[in-house]
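Written below as structure tokens is the structure these notes are about.
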């Protein structure tokens, strides 16, 4: 059974304080690992797809990396508007379904 | 309208009511999904439609009834719900049979069952 574990559950950072969020996964043949951002009361917003170990993708202050067991979402010099819950999901080979983690709630303090 | 839209955004209903949630996607996709999101739980997949055909029913109680009249519209009909059904209901769409399956979500309907 595919599993996704995200840590920490919640993270509070000062504005400008860089850090990383972790997504550990077990899946039978990874087809894709997805990162989403979700603001309170809204739907998840697609950020990145990673396909294979060693791959990296960047968007503004966010950089996602992937190994064979986990993915990291690095946030550099965050701003208060980066506050949100960040969700990770995986897709196994031959399966259209996504398995989601419970998310990391990130709060950036001005 | 762009992306995936959902109406209503908020819904309060009694246990004996019948209501429907609506989802529309403007992305030209052919696959649509219903998810349930409860506090501190991962997103739970409820139903999947590919090219208007239901391909997944993830052991969802019959008080939830989906309908997909075309590739752009998806409904979730609700009747005799329970208080534990209160949650955020999310609609998503993707390019059918895409690999990997990048899904795009609507804003959700916050449902409260009294």
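The share of C-alpha pairs in the stretch A:1-41 whose separation exceeds 12 Å stands at 73 percent. Please tell me the relative contact order of chain A in percent, rounded to the nearest whole number, where contacts are Cα pairs under 8 Å and at least six residues apart. Rounded, it is 37 percent for chain A.
Taking other Cβ within 10 Å of each residue's Cβ, how do B:68, A:23 sort, fewest first?
Working: B:68 21, A:23 27.
Fewest-to-most Cβ neighbours within 10 Å comes out as B:68, A:23.
Distance between the modelled labels on residue A:39 and residue B:52, one decimal in nanometres: 3.6 nm (7 Å Cα→Cβ projection). Peptides B:69-77, A:1-9 ordered by packing proxy, namely the average of other Cβ atoms within 10 Å per residue, highest first: B:69-77, A:1-9. Remark: mean inter-chain Cβ contacts per residue of B:86-99 equal 2, using a 10 Å Cβ-Cβ cutoff to other protein chain atoms. Note on residue B:2/residue A:72: beta-carbon distance plugged into 1/(1 + (r/R0)^6) with R0 of 30 Å gives a FRET efficiency of 0.45. Between residue B:16 and residue A:95, the simple spin-label model (points 7 angstrom out along Cα→Cβ) gives 4.3 nm.
Can you give the convex hull volume of the alpha carbon atoms of chain B per residue, in Å³?
Once divided by residue count, the hull of chain B is 97 Å³.
Both the radius of gyration and Dmax for the protein assembly as shown are 17.6, 53 Å, in that order, over alpha-carbon atoms. Pairs of C-alpha atoms in chain A farther apart than 22 Å represent 26 percent of all such pairs.
Each value in this text was obtained by applying a stated rule to the coordinates, not by laboratory testing. Values in this document were obtained by computation on a predicted structure and should not be read as measured data. Note that we place each Cβ from the backbone using ideal geometry, even for glycine, and neighbour counts take in every protein chain shown.
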